[in-house]
Amino acid sequence: MTAKLAPSLQIAALVAHQLKEPVTASIMMLRSLLNEYAGSVTAQQRQLLERILIRCEDTLQTAQRLMNIVKALDRPDAFQGRVNLVALAHQVRHRYADQAYQQRIELAVQAESGELWVRGYEPALREVLESLVHNALKYTPDQGRIRIGVTADDDGIHLVIEDSGIGIPETEYEKVFEPFYRTAAAQTTTHPGTGLGLTLVKAVVEAVGGQVVVGRSDLGGARFAIRLHPAPPETQPAPGETDMIKPMKVVIVGGVAAGPKVASKIVRLMPNAEVTIVEKGRLLSYAGCGLPFYISGVVKHHSKLMSSPLGDTRDPVFFQNIKNVRILNQTEALAIDRHHKRIRVRERFSNADTFLEYNKLVLATGALPLVPEIPGIDLQNIFTLHGVSDAEGIRALLESGRANDVIILGGGLIGIEITEALVRKGCRVTILEKRRQILRMLDWEIAKLVEHHLESQGVKVLTNTRTREFRGDGKVQEAVTDQGILATNMVVVGVGVRPNVPLAEQAGLQLGATGAIAVNAHQQTSDPDIYAAGDCAETLDLITGKPTYVPLGSNANRQGRVAAIHICGGNDGFPGVLRSTACKVLDYGIARTGMTEAEARRGGYEVICVLAPGPDKEHFVPDARLILLKLVVDRRSRRLLGAQAVGPGHVDKRIDVAAMAIFNRMTVDQLAHMDLCYAPQYSQVMDNILTAANIARNKLDGHLTGISPMELHDKMQHNGDLVLLDVRSSQEFEQFHLPHSINIPLGSLRQRLAELPRDREMVTLCNYSLRGYEAQLILRAAGFANVRVLDGGLEMWPYEKF
């Protein structure tokens, strides 16, 4: 076949040839002027010369490309080649990725298949694609969209380039293909142009027997639709060869935490992989744990929750242009066809269903908020906190000044984390919890300390309280509980979440005992080509070895990394979790890891517990703050099983150390000898966690006998012969003390032993238990047999003090 050149293209090529020499001379002169007079021209003059130089260079490049294409098209064998249009589209997208990213433009390729071959000359078709994409970038405002589509049907193979730019008036649809023609709208922009690019596009397309038409895109800008002839098939490759050369197709359902982590790691390990993220929502890869900061106003705009540490916004443009990951946000995954290895998805705006083929599929569908079946739960101004849209609704109501009395339904982690944001906004906050304590991840006495702190900050906490109904005229106005009626104008439901598994369940994937998707150590489901990670997936408890469900962003990211490595041929595994968790509310830290005392006892362990209060730095450092620490230890093996810490001090560091110790099955003897950093501004000379480990050793070795606050409180109600010996100073005693306690300062104890009965049970106490321990040693040495120390002292006493 011999290409037949359009007359308009021949004229344009002739003009381009005539322009080449004078334009080249102009470029050389401009460069000479800029170099020779670099120090004598003003900044404005230099900027003008540089703009002229750029326009000349652009004209020369266009003319040269035009002449090269015309020369190639004039060859008899110009169109004997085969071109994979899908691969070419991805290559062009990659070339313009940086420019698109700088303009915050989403530049995407959508193709039905990885290979669609057309007849043609590859450099000429590349020029067509580059000209159209280049124009689209020029005339699309920042934060716009450009879409390259490649499809096939009975009429041929179709290439469509469309954008959300300034568009082309219908009256100029034919004129834009004429040489040197520019629309009126294009001429009013600051972007230079020669008016030859679209002439070239049409000439090349028609030379291969194709057609090109221009119209209006549903994105709002121009739409160039090109129809080309499919290339004749080549000899089929031998079995197995195709799989060796085709890139792996990975589809990820879910784009918040685990999903983006999987995608990012795969493209690092396997740059040629075709990775697609399908996300039902609009926003990607946002820090869900940061939503309370957005509600309070600490984070001014939700885009900050989507930004990387370097400030890049992790939006579709970022993932497509930086990560080379295709993003289909506002697209819902509807069904998995495991037999044909494809997934059916629906785009929100067009409501059109399409199929995505996969070699490996990753489910990162996350969790759904639990919404209790309470009459009136659907009234306005009742929110969950499960995404940016929820946070925006809460923030808007707060900023309107119409949310003064707020009820938080549920005293779990979600409810506690949102409390600070609401208090900081001036709300009167009430937490309603149907169980006997808030924060069931803690033991009762530790959770009670948090409750006391919340109440000291004006938060009302009602435990053992069931909500019967919400009332209001369209908007919530009252909460009816079994303890009375509370006025409210906003409710935040924070009773927990459940794994989002309908997609997996419909596909016949195995669910675990927790109701989440069952996975192995590599995050593979019951189908080895389908993985699950994050809040939709089950995991193992590292201590019990039993399945558990722990929906945390930290776990989601770690599981996502493991899944990606295994998909790419690695052998990484996710061992399980200790349920390590931390949060902060109203300047009060809360952290835990491993088992609580209650869990350990239910698990059959014989445990001893340590309550160890103390400052997080040396006491003379001005910003030293209190930490209230609890350890749970197996009496038989002396292994650390769990740790909890609350207080205004830095609790996370101590719990992180405890988590490392539990992970490595360390005993408290080993923990006590850990070589931790010390400086007065960072810790005490014996860090809190080391002191707590030594207290555990003293208990295990019989040097210290303690009594828990709960046991002592029970004895105070029923044992009239109990002696409470407070060994603090008289001034400390007068500030507060336990009822019916007697005060003998530690320094006077040896001289006043005769005042104490030897035949009665005695408990020594002070603020931190250190002086109580010293008092026990003195009394034992003096023959007092039945003496115990109040664990945690008065600082960790969860009941009323006088």
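Within the option set 577, 632, being aliphatic (A, V, I, L, M), under 26 Å from residue 286 (Cβ atoms) and open to solvent by less than 10 Å² (accessible area, probe 1.4 Å) holds for one residue only, 577. Just wondering, is there one or more residues in the stretch 707-717 that are assigned to a strand (DSSP E or B), under 30 Å from residue 592 (Cα atoms) and either open to solvent by 30 Å² or more (accessible area, probe 1.4 Å) or out of contact with any Gly (no Cβ under 9 Å at 6 or more places or on another chain) (or both)? Checked the stretch 707-717: at least one residue is assigned to a strand (DSSP E or B), under 30 Å from residue 592 (Cα atoms) and either open to solvent by 30 Å² or more (accessible area, probe 1.4 Å) or out of contact with any Gly (no Cβ under 9 Å at 6 or more places or on another chain) (or both).
Just a yes or no: is a residue in the stretch 415-433 surrounded by fewer than 17 Cβ atoms within 10 Å (Cβ to Cβ), more than 27 Å from the chain's Cα centre (by Cα) and at pLDDT 95 or above? Checked against the condition, which is being surrounded by fewer than 17 Cβ atoms within 10 Å (Cβ to Cβ), more than 27 Å from the chain's Cα centre (by Cα) and at pLDDT 95 or above, the stretch 415-433 yields at least one hit. Given the structure, is residue 515 surrounded by fewer than 20 Cβ atoms within 10 Å (Cβ to Cβ), part of a loop (DSSP other than H, G, I, E, B) and out of contact with any Asp or Glu (no Cβ under 6 Å at 6 or more places or on another chain)? So residue 515 fits the description; yes. Assess whether residue 547 counts as being free of Cβ contacts under 8 Å to residues at least 12 places away in the same chain and either surrounded by 19 or more Cβ atoms within 10 Å (Cβ to Cβ) or not small (Gly, Ala, Ser) (or both). The answer is no for residue 547. Screening residue 505 against (1) surrounded by fewer than 18 Cβ atoms within 10 Å (Cβ to Cβ); (2) touching a His at 6+ places or on another chain (Cβ under 8 Å) leaves a single unmet condition, (2). Can you find a residue in the stretch 172-184 that is at pLDDT 70 or above, open to solvent by 10 Å² or more (accessible area, probe 1.4 Å), touching a strand residue (DSSP E or B) at 6+ places or on another chain (Cβ under 9 Å) and over 17 Å from residue 139 (Cα atoms)? Yes, the stretch 172-184 contains at least one residue that is at pLDDT 70 or above, open to solvent by 10 Å² or more (accessible area, probe 1.4 Å), touching a strand residue (DSSP E or B) at 6+ places or on another chain (Cβ under 9 Å) and over 17 Å from residue 139 (Cα atoms).
Selection of the stretch 771-802 for residues being more than 23 Å from residue 444 (Cα to Cα) and either outside any helix (DSSP H, G or I) or of a type in the set (A, V, I, L, M) (or both) yields 775, 777, 778, 779, 781, 782, 783, 784, 785, 786, 787.
When you scan the stretch 584-613, how many residues do you find that are at positive phi and within 35 Å of the chain's Cα centre (by Cα)? Residues that pass the stated criteria total 3. Scanning the stretch 584-593 for residues that are crowded, with 21+ Cβ neighbours inside 10 Å, in contact with a strand residue (DSSP E or B) (Cβ under 8 Å, 6 or more places away or on another chain) and not aromatic (Phe, Trp, Tyr) gives 589, 590, 591, 592, 593. Any idea which of (1) under 23 Å from residue 273 (Cα atoms); (2) open to solvent by 10 Å² or more (accessible area, probe 1.4 Å); (3) touching a residue at least 24 places away in the same chain (Cβ under 8 Å) is the one residue 436 doesn't satisfy? Of the numbered conditions (1) under 23 Å from residue 273 (Cα atoms); (2) open to solvent by 10 Å² or more (accessible area, probe 1.4 Å); (3) touching a residue at least 24 places away in the same chain (Cβ under 8 Å), the odd one out for residue 436 is (1). Going by what's in this entry, would residue 598 be described as closer than 25 Å to residue 448 by Cβ, open to solvent by 20 Å² or more (accessible area, probe 1.4 Å) and small (Gly, Ala, Ser)? Yes, satisfied.
Just one of (1) farther than 30 Å from residue 392 by Cα; (2) assigned to a strand (DSSP E or B) fails for residue 589. It is (1). Of everything in the stretch 771-784 that's open to solvent by 70 Å² or more (accessible area, probe 1.4 Å) and in contact (Cβ under 8 Å) with a residue 12 or more places away in the chain, which residue is nearest to residue 688 (Cα to Cα)? So the residue we want is 771. Just one of the numbered conditions (1) crowded, with 19+ Cβ neighbours inside 10 Å; (2) in contact with a Cys (Cβ under 7 Å, 6 or more places away or on another chain) is not true of residue 560: (2).
Please find, within the stretch 739-754, the residue that is most open to solvent (accessible area, probe 1.4 Å) out of those that are touching a strand residue (DSSP E or B) at 6+ places or on another chain (Cβ under 8 Å) and not in a loop (DSSP other than H, G, I, E, B).
742
Selection of the stretch 133-168 for residues being in a helix (DSSP H, G or I) and either of a type in the set (Gly, Ala, Ser) or closer than 18 Å to residue 320 by Cβ (or both) yields 133, 134, 136, 137.
Condition (residue is more than 54 Å from the chain's Cα centre (by Cα), part of a helix (DSSP H, G or I) and of a type outside the set (Val, Ile, Thr)) applied to the stretch 755-770: is it met by at least one residue? So far as the stretch 755-770 goes, yes, one or more of its residues are more than 54 Å from the chain's Cα centre (by Cα), part of a helix (DSSP H, G or I) and of a type outside the set (Val, Ile, Thr).
Scanning the stretch 448-494 for residues that are in a loop (DSSP other than H, G, I, E, B) and of a type in the set (Gly, Ala, Ser) yields 458, 472, 474, 494.
Of the residues 387, 412, the single one that is touching a Gly at 6+ places or on another chain (Cβ under 7 Å), within 19 Å of residue 645 (Cβ to Cβ) and open to solvent by less than 30 Å² (accessible area, probe 1.4 Å) is 412. Residues that are surrounded by fewer than 21 Cβ atoms within 10 Å (Cβ to Cβ) and among the polar types (S, T, N, Q) within the stretch 635-647 comprise just one, 637. Only one residue in 343, 374 is farther than 30 Å from residue 266 by Cβ and open to solvent by less than 30 Å² (accessible area, probe 1.4 Å). Which one? Result of the check over 343, 374: 374.
For the stretch 117-128, the count of residues that are farther than 22 Å from residue 329 by Cα, of a type in the set (Val, Ile, Thr) and either in a helix (DSSP H, G or I) or at pLDDT 85 or above (or both) is at least one. Scanning the stretch 98-111 for residues that are surrounded by fewer than 17 Cβ atoms within 10 Å (Cβ to Cβ), assigned to a helix (DSSP H, G or I) and either over 24 Å from the mean Cα position of the chain (by Cα) or on the phi > 0 side of the Ramachandran plot (or both) yields a count of 2. Within the stretch 666-677, residues that are closer than 12 Å to residue 692 by Cα and of a type in the set (A, V, I, L, M, F, W, C) reach partners that are in a loop (DSSP other than H, G, I, E, B) and open to solvent by 50 Å² or more (accessible area, probe 1.4 Å) with beta carbons closer than 6 Å, at six or more positions or on different chains, in the pairs 668/638.
Scan the stretch 455-502 for residues that are without any contact (Cβ under 8 Å) to a residue 40 or more places away in the chain and open to solvent by 70 Å² or more (accessible area, probe 1.4 Å) and the total you get is 9.
The values are calculated or read from the model by the stated rules, or taken from the named source; none is laboratory data. Every value quoted in this text rests on a predicted model; they were computed, and no experiment measured them. No Cβ is skipped: glycine too gets one built from the backbone with ideal geometry, and neighbour counts run over all protein chains shown. Side chains included, ligands, DNA and RNA excluded: accessible areas come from the protein's heavy atoms. Shrake-Rupley method; radii C 1.70, N 1.55, O 1.52, S 1.80 Å.
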